[in-house]
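Peer 1: First the structure, then my questions, so here it is.
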């Protein structure tokens, strides 16, 4: 019989159960987390009503980021428990907490009924979700890695990575199914709550599968030999050489792969629904189809990493992302709404004037120029700024004549007047449904992003498991992973949306992704060890 880290290697049937139960639980838990982001348009109005569509969406993404922000705390808490008490029971707790918190979001009355209590309750439940997810990923990844033979660790753990995408796909499928089964009025009134409440059924299935699992053989071996860490968090900070490993895991692995991952899904979806004005259901179908097609890439690159090492696919994935990120989104944008792209070139909008400061977090702007920029941003219109002594806006070569602009009205009223002026010059603000050929181009671009996600994301559980000693593995891999994904990744939708709102350029938010990936490339090229995969114990020896 072979051994895995000093413990007997599981049979083929046992490893299949381990991978299946861990993956299904991960799908369900990430469904719970992603369902919030999938329903952004309706939740922003239900829980954060301000009368300013841009501000509502920014507040929504800010609270979305709160969940990510608490993931490192969950990693510390549940990493400690996982290294002290065991892998199995720790991720049973995390999946239970996630399911209950998600169902709770579906029970919160809207702000129109309970006022500020509504967003406060949403924030509280997002905190609980973040804590749960901070413990979930490390538990599932370590559990599978410690069951897998070293020569197949990348392949088996890659199913955990693919399951994260599966959670996003499941959230889209459930939303589309609910929309299809309900009238628009019912969906907007209360039907959107159903996907949240369904998490209780998913929780039951996940618990049933995970209760059938036994403890990790590596942890059982450590417990029997008395090698369990005394304080996993302290040891993670003080273990010889772990400071460098934590730095590489954070900035070279977690940060880069996460921003690529979220850009391919959340930015892709919001880009189509927002600036490109693609019909909501069409956008969700295209992104969902792309994710289904792209899911196997994580498994493929996990398998490849068993053959060529972990470093090569990750570094190459970063390089190709830097080269193709903007071209892929330009291709998607031109295919999604060619008329809008054409009008931005033929009839560019230029705002001229003094005091052209724009604060996206203000319910109302202080100056007329600020109000005009807010209205352009809310309408998804690309604009450029030019200094001038008097406020004016040109569409193409002609002035838009702002003398009749309703400056005293709310943004919704002003937006209609603005869109009427732009429509007179050929702009079309109706939602579009791309034809088959253009839809195929969009899917091609999104699948390319999913392939880049797979290259950098597929090997990650294996490489992080192999970087750290078994006695502190749960804590040591979870903490940098969730700091990177929680802060650098979780705040991506908010930061990129803020950049787009401030610049008027629907592609400008991609610079955040590009810069984080550049840092990740430099750190991973310097810090990750090349060559064939090897376990920490072998490498340390």
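The values are calculated or read from the model by the stated rules, or taken from the named source; none is laboratory data. Bear in mind the structure is a predicted one, so any value in this text is a computation, not a measurement. FYI the Cβ positions are ideal-geometry reconstructions off the backbone, even for glycines, and counts take in every protein chain you see.
Peer 1: On the basis of being at pLDDT 75 or above, over 16 Å from residue 126 (Cα atoms) and touching a helix residue (DSSP H, G or I) at 6+ places or on another chain (Cβ under 8 Å), does residue 100 make the cut? If you could, list the steps in order and put the result at the bottom.
Peer 2: Working: at pLDDT 75 or above: yes; over 16 Å from residue 126 (Cα atoms): no; touching a helix residue (DSSP H, G or I) at 6+ places or on another chain (Cβ under 8 Å): yes.
Criteria not met by residue 100.
Peer 1: Sticking with this one: Looking at region 18-37, which of the residues that are at pLDDT below 70 and buried (at least 22 other Cβ atoms within 10 Å of the Cβ) is farthest from residue 201 (Cα to Cα)?
Peer 2: Going residue by residue through region 18-37, those that are at pLDDT below 70 are 29, 32-33, 37.
Filter again for buried (at least 22 other Cβ atoms within 10 Å of the Cβ), leaving 29, 32-33.
Values: 29: 12, 32: 11, 33: 15 Å.
The residue in question is 33.
Peer 1: Just to be sure before I move on: is residue 250 surrounded by fewer than 24 Cβ atoms within 10 Å (Cβ to Cβ) and in a helix (DSSP H, G or I) in the structure I sent? Break it down into steps so the answer makes sense when it comes.
Peer 2: Working: surrounded by fewer than 24 Cβ atoms within 10 Å (Cβ to Cβ): yes; in a helix (DSSP H, G or I): yes.
Yes.
Peer 1: Can I ask one more? Within 26 Å of residue 56 (Cβ to Cβ), touching a residue at least 60 places away in the same chain (Cβ under 8 Å) and outside the structural domain of residue 498 (by TED's automatic domain parsing), is that true of residue 405? Before the answer, list the steps.
Peer 2: Numbers: within 26 Å of residue 56 (Cβ to Cβ): yes; touching a residue at least 60 places away in the same chain (Cβ under 8 Å): no; outside the structural domain of residue 498 (by TED's automatic domain parsing): yes.
The answer is no for residue 405.
Peer 1: Return yes when residue 512 is touching a residue at least 24 places away in the same chain (Cβ under 8 Å), surrounded by fewer than 23 Cβ atoms within 10 Å (Cβ to Cβ), in the same structural domain as residue 327 (by TED's automatic domain parsing) and outside any helix (DSSP H, G or I) and no when it is not. Please lay out each step first, then the result.
Peer 2: Working: touching a residue at least 24 places away in the same chain (Cβ under 8 Å): yes; surrounded by fewer than 23 Cβ atoms within 10 Å (Cβ to Cβ): yes; in the same structural domain as residue 327 (by TED's automatic domain parsing): yes; outside any helix (DSSP H, G or I): no.
No, not satisfied.
Peer 1: Let me ask something else. Determine, yes or no, whether residue 264 is under 26 Å from residue 484 (Cβ atoms), in the same structural domain as residue 493 (by TED's automatic domain parsing), buried (at least 23 other Cβ atoms within 10 Å of the Cβ) and modelled with pLDDT under 85. Quick ask: steps written out before the conclusion?
Peer 2: On the way: under 26 Å from residue 484 (Cβ atoms): yes; in the same structural domain as residue 493 (by TED's automatic domain parsing): yes; buried (at least 23 other Cβ atoms within 10 Å of the Cβ): yes; modelled with pLDDT under 85: no.
When the stated conditions are applied, residue 264 does not pass them.
Peer 1: Quick one: how many residues across region 472-507 are part of a helix (DSSP H, G or I), over 12 Å from the mean Cα position of the chain (by Cα), surrounded by fewer than 21 Cβ atoms within 10 Å (Cβ to Cβ) and touching a residue at least 40 places away in the same chain (Cβ under 8 Å)?
Peer 2: Number satisfying all stated conditions: 2.
Peer 1: While we're here: Inside region 340-363, can you point out the residues that are touching a residue at least 60 places away in the same chain (Cβ under 8 Å), surrounded by fewer than 17 Cβ atoms within 10 Å (Cβ to Cβ) and closer than 19 Å to residue 509 by Cα?
Peer 2: Taking region 340-363 as the starting set, the residues that turn out to be touching a residue at least 60 places away in the same chain (Cβ under 8 Å) are 340, 343, 346-347, 349, 358, 360-363.
Cutting the leftovers down to surrounded by fewer than 17 Cβ atoms within 10 Å (Cβ to Cβ) gives us 346-347, 361-363.
The one that is touching a residue at least 60 places away in the same chain (Cβ under 8 Å), surrounded by fewer than 17 Cβ atoms within 10 Å (Cβ to Cβ) and closer than 19 Å to residue 509 by Cα: 361.
Let's see how each residue does on (1) in a helix (DSSP H, G or I); (2) over 18 Å from the mean Cα position of the chain (by Cα); (3) modelled with pLDDT under 95:
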| residue | (1), (2), (3) |
| --- | --- |
| 268 | yes, no, yes |
| 283 | yes, no, yes |
| 290 | yes, no, yes |
| 300 | yes, yes, no |
| 306 | yes, yes, yes |
| 320 | yes, yes, no |
| 323 | yes, yes, no |
| 326 | yes, yes, no |
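Peer 1: Which of (1) buried (at least 21 other Cβ atoms within 10 Å of the Cβ); (2) in contact (Cβ under 8 Å) with a residue 40 or more places away in the chain; (3) touching a helix residue (DSSP H, G or I) at 6+ places or on another chain (Cβ under 8 Å) does residue 337 not meet, given it meets every other one?
Peer 2: (3)
Peer 1: Taking the criterion of being crowded, with 24+ Cβ neighbours inside 10 Å, closer than 23 Å to residue 198 by Cβ and at pLDDT 80 or above, would at least one residue in region 82-93 satisfy it? Reasoning before the result, please.
Peer 2: At the first step, the residues of region 82-93 found to be crowded, with 24+ Cβ neighbours inside 10 Å are 82-83, 87, 90-91.
In the following step, the residues that additionally are closer than 23 Å to residue 198 by Cβ were identified as 91.
Okay, now just the ones that are also at pLDDT 80 or above, so none.
Checked against the condition, which is being crowded, with 24+ Cβ neighbours inside 10 Å, closer than 23 Å to residue 198 by Cβ and at pLDDT 80 or above, region 82-93 yields no hits at all.
Peer 1: Restricting attention to region 103-144, which residues are outside any helix (DSSP H, G or I) and in contact (Cβ under 8 Å) with a residue 12 or more places away in the chain?
Peer 2: We begin by selecting, within region 103-144, every residue outside any helix (DSSP H, G or I); these are 106-110, 115-116.
Once the filter is applied, which keeps residues that are outside any helix (DSSP H, G or I) and in contact (Cβ under 8 Å) with a residue 12 or more places away in the chain, region 103-144 yields 106, 107, 108, 110.
Peer 1: Taking the conditions exactly as written (more than 19 Å from residue 135 (Cα to Cα) and modelled with pLDDT under 85), does residue 222 satisfy them or not? Explain how you work it out, then say what you get.
Peer 2: Numbers: more than 19 Å from residue 135 (Cα to Cα): yes; modelled with pLDDT under 85: yes.
So residue 222 fits the description; yes.
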